[in-house]
1. Is it the case that R82 is of a type in the set (K, R), touching a residue at least 24 places away in the same chain (Cβ under 8 Å) and either part of a helix (DSSP H, G or I) or over 14 Å from G7 (Cβ atoms) (or both)?
2. Of everything in the stretch 58-87, what is at pLDDT 95 or above and more than 29 Å from A24 (Cβ to Cβ)? Give them in sequence order.
3. Residues of the stretch 1-48 being closer than 17 Å to V67 by Cα, open to solvent by 50 Å² or more (accessible area, probe 1.4 Å) and either not aliphatic (A, V, I, L, M) or not in a helix (DSSP H, G or I) (or both), which ones?
4. May I ask you to list pairs of residues, at least six apart or on different chains, whose Cβ atoms are under 9 Å apart, with the first in the stretch 16-38 being closer than 14 Å to S73 by Cβ and the second being among the basic types (K, R) and open to solvent by 40 Å² or more (accessible area, probe 1.4 Å)?
5. Considering only residues of the stretch 49-69 that are exposed (fewer than 12 other Cβ atoms within 10 Å of the Cβ) and in a helix (DSSP H, G or I), which is nearest to the chain's Cα centre (by Cα)?
Amino acid sequence: MIVEALGSALLGLALAYLAGRLLADRLPGRNLVLPTGLAGGLLGAFLTHSALGAGHLLATLAGGVLVAAAVLSLLIRPRRMRHSAHA
């Protein structure tokens, strides 16, 4: 369980860091993005481990990454629409 939690936390943190680098203009500051990825990874690992039980390391890590990605996607702001000059 410790390996699953630590691995999912690190993967969630890495995903948040990558999202923060690639989508810096559409995400809030790093002070919110990094803890959100970390918490999403841990929550996903907990949910997956609770559903599947012990002995499913790769599935638990995948669940952690999927939940972290879903939670991070909620932070993405839409692109600003440019208004036409004659509108």
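1. Values: of a type in the set (K, R): yes; touching a residue at least 24 places away in the same chain (Cβ under 8 Å): no; either part of a helix (DSSP H, G or I) or over 14 Å from G7 (Cβ atoms) (or both): yes.
Against the criterion (of a type in the set (K, R), touching a residue at least 24 places away in the same chain (Cβ under 8 Å) and either part of a helix (DSSP H, G or I) or over 14 Å from G7 (Cβ atoms) (or both)), R82 does not qualify.
2. Scanning the stretch 58-87 gives L58, A59, T60.
3. Y17, P35, F46, listed by residue number.
4. A16/R30; G20/R30; R26/R77; R26/R79; L27/R77; P28/R77
5. Residues of the stretch 49-69 exposed (fewer than 12 other Cβ atoms within 10 Å of the Cβ): 50-51, 53-55, 58.
Restricting the remaining residues to those that are in a helix (DSSP H, G or I) gives 50-51, 58.
Values: S50: 19, A51: 20, L58: 17 Å.
Going through the qualifying residues, I end up with L58.
The values are calculated or read from the model by the stated rules, or taken from the named source; none is laboratory data. Keep in mind the model is a prediction, meaning the values are calculated, not measured. Using ideal geometry, Cβ is built from the backbone for each residue, glycine included, and neighbour counts are taken over all protein chains shown. Keep in mind that these areas ignore ligands, DNA and RNA; they rest on the heavy atoms of the full protein, side chains included. Shrake-Rupley method; radii C 1.70, N 1.55, O 1.52, S 1.80 Å.
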